[in-house]
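**Student:** Below is the structure I would like to discuss, written out as structure tokens.
The values are calculated or read from the model by the stated rules, or taken from the named source; none is laboratory data. All values reported here derive from a predicted model rather than from experimental measurement. Methodologically, a virtual Cβ is constructed for each residue, glycine included, from the backbone with ideal geometry; neighbour enumeration extends over all protein chains shown. Quick note on the areas: whole protein, heavy atoms, side chains included, nothing else; ligands and nucleic acids left out. Shrake-Rupley method; radii C 1.70, N 1.55, O 1.52, S 1.80 Å.
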Amino acid sequence: MSESNEPGKPLAGRTIAVTGASKGIGLAIVELLASKGASVFGGAREVDGLQVSGATFSVLDVTSESSVSAFADAAISAGVDTLINNAGVGAFSPIEEISVADYRRVMDTNVLGVILACRYFLPQFKHRHTQGRSSQVINITSDVSARTFAHGGLYTASKHAQRALTQALACEGESYGLRVTEIRPGMTDTFFNGNVPGSAVRSQDLRPEDIAEAVLYALAAPAHVRVDEVLVHPVAQAVTF
């Protein structure tokens with residue numbers, strides 16, 4: 001993977017695909033990476049009105065195989081070298097109240113979405129390896145990808161599954177030079193689960209820009225460095241692992 005010598009543009013020459021890119025963490029990632037010189041392909045269900053210099057947005061439903069295939073084709077035609085799986089949803093209730101519809105919405109988006117994206121991007125990354133070029137996959141999961149809590153069974157199950165997929169992919173990708181990173185954010189002030197960012201009660205949470213900086217750290221690491229995971233919490237959140 002080529003490294004940029006342009007000051008302030010460490011990602012110049014990189015082409016990066018981001019799912020769930022319309023707002024919150026996803027949009028912050030797109031904005032930061034584009035500002036650092038990358039060409040960014042952002043995908044989300046609603047992209048009307050989105051404009052970021054250096055980025056192209058297209059409609060993407062990560063639960064639809066045809067939608068993911070079309071998104072990947074567009075990114076591959078531009079020489080994509082990195083996939084960032086960020087799309088995600090949540091549902092929180094006691095175990096006995098989890099509906100089939102809730103299960104399918106959460107698992108299809110959080111788990112199947114990662115599987116489908118990998119299915120359509122990994123052949124490109126394997127091809128890059130035959131040309132002596134490396135690639136990266138970054139999965140945005142959660143600090144609950146290794147723990148759980150009451151009323152969080154379904155959501156945390158999906159995040160545990162994402163963590164398992166990330167680690168399995170790291171093992172499989174070793175043979176073709178793929179660097180895989182899990183970003184595990186703690187409490188973050190975003191639109192997640194109906195939250196409206198900016199309320200006083202969330203004033204000490206992480207910001208989407210904090211997670212974008214963690215992504216940049218993994219992307220800008222030297223070629224001989226693999227960042228396996230980044231666990232990031234706001235200071236105000238109780239220490240948990």
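**Student:** Among the complete DSSP H segments of the chain, which ones combine at least 20 Å of alpha-carbon extent along their axis with a mean Kyte-Doolittle hydropathy of -0.5 or more?
**Tutor:** Span-like helices here: 113-130, 153-173.
**Student:** Please report the net charge: other residues with Cβ closer than 14 Å to the Cβ of Ala70, K and R +1, D and E -1.
**Tutor:** The answer is -1.
**Student:** Based on DSSP H runs of at least 4 residues, each adding -39500 (n - 2.57), what is the mean residue ellipticity at 222 nm of the chain after dividing by all its residues, to the nearest 500 deg cm²/dmol? List each step's numbers first, then the result.
**Tutor:** Values: 6 runs with 84 residues, N = 241.
It lands at -11000 deg cm²/dmol.
**Student:** What whole-number value in Å² describes the accessible area per residue of the chain for a 1.4 Å probe?
**Tutor:** 47 Å²
**Student:** So how strong a dipole does the chain carry about its Cα centre when Lys and Arg Cβ are +1 and Asp and Glu Cβ are -1, to the nearest 20 debye?
**Tutor:** 360 debye
**Student:** In whole percent, how big is the carbon plus sulfur part of the accessible area of the chain, probe 1.4 Å, protein atoms only?
**Tutor:** Values: 6090 of 11270 Å².
Looking at the chain in its full context, I get 54 percent from C and S.
**Student:** Ok, one more. In the calculated pair distance distribution of region 38-114, what percentage of Cα-Cα distances lie above 18 Å?
**Tutor:** Taking all Cα-Cα pairs of region 38-114, the fraction more than 18 Å apart is 48 percent.
**Student:** Further question: Using 0.36 nm per residue, how much length does the chain from Ser199 to Val232 gain when fully extended, once their Cα-Cα distance is taken away?
**Tutor:** On the way: separation 33, 0.36 × 33 = 11.88 nm, distance 2.10 nm.
Length gained between Ser199 and Val232: 9.8 nm.
**Student:** Could you work out the percent of alpha carbon pairs in region 3-64 separated by over 14 Å, rounded to a whole number?
**Tutor:** Across region 3-64, Cα pairs with separations above 14 Å total 50 percent.
**Student:** Still on this model: At 0.36 nm per residue, minus the direct Cα-Cα distance, what do His151 and Ala101 gain on full extension? Give it in nm, one decimal, please.
**Tutor:** Net length gain for the segment: 16.4 nm.
**Student:** Any idea what the alpha-carbon Rg over 2.2 N^0.38 Å comes to for the chain?
**Tutor:** It is 0.97.
**Student:** Still on this model: Which trypsin sites (Lys or Arg not before Pro) in region 58-154 pass both tests, a DSSP loop state and at most 16 other beta-carbon atoms within 10 Å?
**Tutor:** In loop regions of region 58-154 (DSSP not H, G, I, E or B), the sparsely surrounded trypsin sites (Lys or Arg not before Pro) are Arg133, Arg147.
**Student:** Provide the FRET efficiency to the nearest 0.05 for the His129-Ala164 pair, computing r from the beta carbons and using R0 = 30 Å.
**Tutor:** 0.80
**Student:** Counting only GluC sites (Glu not before Pro) that sit in a DSSP loop (anything but H, G, I, E, B) with at most 13 other Cβ atoms within 10 Å, what is the longest stretch of the chain containing none of them?
**Tutor:** 47-241
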